[in-house]
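The values are calculated or read from the model by the stated rules, or taken from the named source; none is laboratory data. Nothing here was measured: the structure is a model prediction, and the numbers come from that model. Positions of Cβ are generated from backbone atoms using ideal geometry, with glycine treated the same way; all protein chains shown enter the neighbour counts.
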Amino acid sequence: MSTPPATSAALDTRPTPVTLVHTRDELAAARAGAPGPVAVVMTMGALHEGHTALLRAARGQAATVLATIFVNPLQFGPAEDFERYPRTLEADLARCAEAGVDLVFAPDREQIYPYGEPEVRVDPGPLGAVLEGASRPGHFAGVLTVVLKLLQLTRSDLALFGEKDYQQLTLIRAMVRDLELPVRIVPVPTVREPDGLALSSRNRYLSPAERDAARSLPAALGAAAQVAAGGAGPAEVLAAAHAVVRDSAGMELDYLALTDPALRPLTEPVGTHAGPVVDVPPDGVARLLVAARVGATRLIDNTEIPLTRPEVN
Ligand code: PAF
């Protein structure tokens, strides 16, 4: 008798079927039967490899993986790209299936804001007003409000967020800590193109020339990391990054800041003020954050920078 072909489920690499729900009632019904722990990855759609990394990390840590797809109007300013933000549901569902997502919640505006624009919003506090918050007033109140709502609606045990949006991640962690929300926040490292550009749904807006200019952002982070590795202090590290973005044609710098992990500046930032300068933390771990406009597209990036702490006599 010949050996039967291997058809075991363990060898089956086809994408699993994803359940798509649009309403909060459908979500509640699907969630009720879902085995725990449940992990959520919140997105605004236009999914790329960065989202796939989040979804795969979730798959490795939870019995049920839930993705939300909602372009949240509350976090866009009046002059921002809410209307033209890419909406690609079919492609997003295919990517979710590839990444092993069980359930996708893709609500419309009425499902999330049934009483209209919420009058009560989550106040991000002082950290919501610096860096991204200084350039995008109200942005983080909009983000935290929708994140809190989605945590309530999905009743997730863990929620994964990318380090690409480092200030957002920091504020979500602060909200979970300060409001004692029963969820574990899991950070996931930034995914980059081979040339270093951080993946972002907004990269698709860039023309080839703008795409070239955008490479200055990771180049600036790399230059800073290099001088830091040679023992440079905060001001010198920031200057090394600034030299790269300042000289980049086609790029308009918004801000550049070297901070501690809680986003307090270690030297006066370029293009913004982010509060009083503090000492390098004992472990020397710093964050370098940059935002710039390339054509009509605003891009952000950041990286961890290990600094050598000055000797204290
Ligand atoms: O990072 C994003 O895509 C959004 O800010 C989030 C967390 C999904 C809230 O709308």
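Of note:
- Of the residues making up region 152-167, those that are assigned to a helix (DSSP H, G or I), surrounded by fewer than 22 Cβ atoms within 10 Å (Cβ to Cβ) and not acidic (Asp, Glu) number 3.
- Residue list for region 278-300, restricted to those being assigned to a loop (DSSP other than H, G, I, E, B) and exposed (fewer than 15 other Cβ atoms within 10 Å of the Cβ): Val278, Asp279, Pro282, Asp283, Gly284, Ala296
- Residue that is nearest to the ligand (Cβ to nearest atom) [pool: residues in region 1-58 that are of a type in the set (S, T, N, Q) and modelled with pLDDT under 95]: Thr16
For (1) within 13 Å of the ligand (Cβ to nearest atom); (2) farther than 29 Å from Pro86 by Cα; (3) among the acidic types (Asp, Glu), each residue gets a yes or a no:
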position	(1), (2), (3)
Pro137	no, no, no
Ala141	yes, no, no
Val147	yes, no, no
Met175	yes, no, no
Glu193	no, no, yes
Ala224	no, yes, no
Ala228	no, yes, no
Ala249	no, no, no
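- Some residue of region 265-276 being in contact with a Phe, Trp or Tyr (Cβ under 9 Å, 6 or more places away or on another chain), within 30 Å of Ala209 (Cβ to Cβ) and among the hydrophobic types (A, V, I, L, M, F, W, C): yes
- If you go through region 60-86 and keep only what is away from the ligand (no atom under 13 Å from the Cβ), surrounded by fewer than 17 Cβ atoms within 10 Å (Cβ to Cβ) and either among the small types (Gly, Ala, Ser) or assigned to a helix (DSSP H, G or I) (or both), you end up with Gly60, Ala63, Gly77, Ala79.
- Flag for Arg264 being surrounded by fewer than 22 Cβ atoms within 10 Å (Cβ to Cβ), at negative phi and within 20 Å of the chain's Cα centre (by Cα): yes
- None of Val146, Val186, Val122 is in contact (Cβ under 8 Å) with a residue 40 or more places away in the chain and in a loop (DSSP other than H, G, I, E, B) except Val122.
- Among the residues of region 149-173, those identified as more than 9 Å from the ligand (Cβ to nearest atom) and over 14 Å from the mean Cα position of the chain (by Cα) are Lys149, Leu151, Gln152, Leu153, Thr154, Arg155, Ser156, Asp157, Leu158.
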